[in-house]
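Where a number appears in this text, it was derived from the coordinates with a stated rule and is not lab data. None of these values were measured; they are calculated from a predicted model. Note that each Cβ is placed from the backbone with ideal geometry, even for glycine, and that neighbours are counted across all protein chains shown.
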Amino acid sequence: MVRPTITVALALEAMDEAGQQQLRALVHDQSQPAAVRIQRVRQMYLQAGVFEKASRLVDKHQQRPKQWPNNRARRLRRLFRYLIDTVLERPDDTAAEPEPAESGTMGERV
């Protein structure tokens, strides 16, 4: 059985039956070196557009918390922005500067 990951799900969704079978076979075929199998799976992911789809999903989920109304749930919105900037930061992204603290909230935690 193929390990369930979002990339596998995106690949299987985009592939025809033959491609799906080939992907599953590559994962289970221990006769080939792992490096060969990994390279072939990567090629299949590229052909299926998996990395682009995954990138769009990340972008979509990064934008949701940023769209919270400015006058509601300020602390939660700040937490979401912090999480986006630290947890979902991509290697090629630059870290966003933290939002300045509001007056009178220096020691307040979210």
Within region 23-34, track down each residue that is surrounded by 15 or more Cβ atoms within 10 Å (Cβ to Cβ) and out of contact with any Lys or Arg (no Cβ under 8 Å at 6 or more places or on another chain). LEU23
Among the residues of region 27-63, which ones are β-branched (Val, Ile, Thr) and under 30 Å from ARG78 (Cα atoms)? VAL58
